[in-house]
Amino acid sequence: MSPEEIQSVLNFLLRYGFEGVIAGLVVFLLVKYFLPGYLSQKGKNLATKEDISEITKEIEEVKSTYSQIMETFKAQHQLRLAAVEKRLQAHQEAFCLWRKINGALGTEHLPGIIRECDEWWGNNSLYLEAEPRRAFLEAWVSAKDLKWYQENSEASLVSKCYQQINYAGEAITKAVELPRLNELIDTKEPNKSMQPTAKASAD
């Protein structure tokens, strides 16, 4: 060490004293060894908090989406139940009108029933299934035209009218047909517990 450097060290010690030197060493050690680790850990903690915040946000978004889907599903389910009841009622009413048509063919009551069918059709036809809707419309229109065809000797058209009138009842019935009781029971493998045992048969 040169004389100038020794003189600089002595001047520093004389100026700040031994306590200043110790404090400087402590600050140096803190800056060199502790501060980088501390900053690194703080960075990790900050990153972890940000990750947790992002994950929490995504979970909340998923919950919100799921809740909206469930509400939509419930609303659609309730609408379907209401529509099923109304559709059954519409098919029953159409069947009753169809029976009225059959009972009034060739009588003076038919025009009034045709008007009733026309009015009912405007208010309820959308509740019918596609095939019964078409068949019922053709039935009461055919009933309206039947007399004219008969008076003008249109035998083929008269026959077609009767066919369309008759088919409407079949189409309406088929659309709301309930499953048969034996379709609800497994007939392939009968309940063995209900079968008599060999001993019971012998008795």
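The values are calculated or read from the model by the stated rules, or taken from the named source; none is laboratory data. Quick caveat, the model's predicted, so the values are computed rather than measured. Counting neighbours? That spans all protein chains shown, and the Cβs are built from the backbone with ideal geometry, glycine included. SASA here: full protein model, heavy atoms, side chains in, ligands and nucleic acids out. Shrake-Rupley method; radii C 1.70, N 1.55, O 1.52, S 1.80 Å.
Please identify the pairs in which a residue from region 113-135 that is β-branched (Val, Ile, Thr) has its Cβ atom under 8 Å from the Cβ atom of a residue that is surrounded by fewer than 17 Cβ atoms within 10 Å (Cβ to Cβ) and modelled with pLDDT under 95, counting only partners at least 6 apart or on another chain.
That search, which allows pairs on different chains as well, returns 113/104.
Do we have any residue at all in region 165-181 that's open to solvent by less than 90 Å² (accessible area, probe 1.4 Å), touching a Gly at 6+ places or on another chain (Cβ under 9 Å) and not hydroxyl-bearing (Ser, Thr, Tyr)?
So far as region 165-181 goes, no, none of its residues is open to solvent by less than 90 Å² (accessible area, probe 1.4 Å), touching a Gly at 6+ places or on another chain (Cβ under 9 Å) and not hydroxyl-bearing (Ser, Thr, Tyr).
Condition check: surrounded by fewer than 14 Cβ atoms within 10 Å (Cβ to Cβ) and touching a residue at least 24 places away in the same chain (Cβ under 8 Å). Does residue 89 satisfy that? Steps first, please.
Working: surrounded by fewer than 14 Cβ atoms within 10 Å (Cβ to Cβ): yes; touching a residue at least 24 places away in the same chain (Cβ under 8 Å): yes.
So residue 89 fits the description; yes.
Which of the residues spanning region 142-161 are open to solvent by less than 80 Å² (accessible area, probe 1.4 Å) and under 15 Å from residue 104 (Cα atoms)? Working first, answer last.
Filtering region 142-161 for residues open to solvent by less than 80 Å² (accessible area, probe 1.4 Å) gives 142-143, 145-146, 149, 152, 154-155, 157-159, 161.
Hits for region 142-161 are 142, 143, 145, 146, 161.
So which helices (runs of 4 or more DSSP H) are wholly in region 111-203 and hold at least 3 residues that are within 16 Å of residue 92 (Cα to Cα) and either modelled with pLDDT of 90 or more or β-branched (Val, Ile, Thr) (or both)? Reasoning before the result, please.
Details: elements: 130-151, 155-175, 198-202.
It comes to 130-151, 155-175.
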